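Right, one structure below, let's go through it.
Laboratory data are not the source of any read-out in this text; all were calculated from the coordinates shown. Predicted model, so just to flag it, every value in this text is computed and none were measured. So basically every Cβ, Gly included, is an ideal-geometry build from the backbone, and we count neighbours across all protein chains shown.
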Amino acid sequence: MFDSSSHIKIFALVLCFCTSIFATEFVRPITRPHSGISLGSMAELRDDVYSLDGRFSAEVAFNNRISVYSDISYRFFSYQWETELHDQLHELVDLRVNGFNESYLGVKFFPIEFVGLAVNWRFEPGDGSQNDRFQRLGVEPLTVIPISEYLEFGAALGFYSFIERDNFQPGDEIGGQVSLIWKPFYKLQNPRGLKLSYVFLLRKRIEESKNLNMKTAYQKMDDEYAGFRMRAAIEYDLKSIPLGCGFAYEMNRGTLFGFETGHRIEFFFTSNW
């Protein structure tokens, strides 16, 4: 177990690390504060672009009521497959996107047992992202309800506001999220066994973005988009060491996340304490 001084040292390390590099938003199950790390390798197809990323996620709890968390990813490459059926043109284009994606740093606080609040900040992305170039503040009321020792339900609402950049102001967004964590045949005394999780996230832009370089009558950009993301994962926690490994599939639909249905698969390792 970690004492309070160890928690402070770990928090300082995670804070310095996360604010100096860049990441992508991770669709995670809704949980109470806990300490753990996750390392994964992701292959993605989104809007005819094929990409490979590495991901690191961390959460450090100071007690059972408050924690800090972050998601960090690095894009190794992106290729776009161009096709014109009538002229029989097939071309593989290297988009030369390589580097860190956008980073997320947040704090989770549960003042009472089943109800909490998360506040997070998205930093401007690095060279690994050509999307979401704006900083964002998110506020998310949470609830986590243990249905049984082996089944946990989580739900959240989200409110997101963006920071203007280069005279462009993205519109505010709202969203909702639900998650289930099921541990069939799990050994609670010595945590090990199979763990299944499912997350569904819905989000909508409720205010049109504005191009402030234009006259007032022409500033609105007609982009009140909506979309959803879902992630299903299977994980097995080992007995001898605090380590788990797993596989996940994620899908996104809707114009807020991409103009075509996107797919992502991931192999990952986790450790919780």
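By how many degrees, between 0 and 90 and to the nearest 10, does the Cα long axis of helix 4-20 differ from the longest principal axis of the chain?
10 degrees
Which of THR270, THR216 comes first, and how do the rest follow, when ranked by fewest Cβ neighbours within 10 Å? Provide the component values of the computation, followed by the final result.
Numbers: THR270 19, THR216 8.
So the residues, fewest neighbours to most, are THR216, THR270.
Springs between alpha-carbon pairs under 10 angstrom, Gaussian network model over the chain: which of PHE185, PHE114, PHE153 fluctuates most?
Among PHE185, PHE114, PHE153, the largest mean-square fluctuation in the Gaussian network model of the chain belongs to PHE185.
So what is the 222 nm mean residue ellipticity for the chain from helices alone, if each DSSP H run of at least 4 adds -39500 (n - 2.57) and you divide by all residues, rounding to the nearest 500 deg cm²/dmol? Mind showing how you got there, number by number?
Details: 1 runs with 17 residues, N = 273.
It lands at -2000 deg cm²/dmol.
Diagonalise the Cα gyration tensor of the range 154-200 and give the resulting equivalent ellipsoid semi-axes, square root of 5 times each eigenvalue, largest first, whole Å.
Values: eigenvalues 315, 25, 12 Å².
Three semi-axes, in Å: 40, 11, 8.
When LYS210, LYS239, LYS215 are ordered from fewest to most other Cβ atoms inside 10 Å of their Cβ, what list results? All intermediate terms of the calculation are to be shown ahead of the outcome.
On the way: LYS210 19, LYS239 11, LYS215 7.
Starting with the residue having the fewest Cβ neighbours, the order is LYS215, LYS239, LYS210.
Select from GLU260, GLU124, GLU44 the residue whose mean-square fluctuation is largest in a Gaussian network model of the chain (Cα-Cα springs shorter than 10 Å).
It is GLU260.
What's the Kirkwood radius of the chain in Å, using all Cα pairs? Before the final figure, lay out each step's value.
Details: mean 1/r = 0.0498 Å⁻¹.
One over the average 1/r among Cα pairs gives 20.1 Å for the chain.
Be a star and scan the range 231-273 for residues whose amide nitrogen sits under 20 Å from the point 7 Å along the Cα-to-Cβ vector of ASP48.
252-264
Would you mind calculating the relative contact order of the chain from Cα pairs under 8 angstrom and at least 6 residues apart, reporting the percent as a whole number? Could you put the intermediate results ahead of the total?
Working: 768 pairs, mean separation 43.7, N = 273.
About 16 percent, as a whole number.
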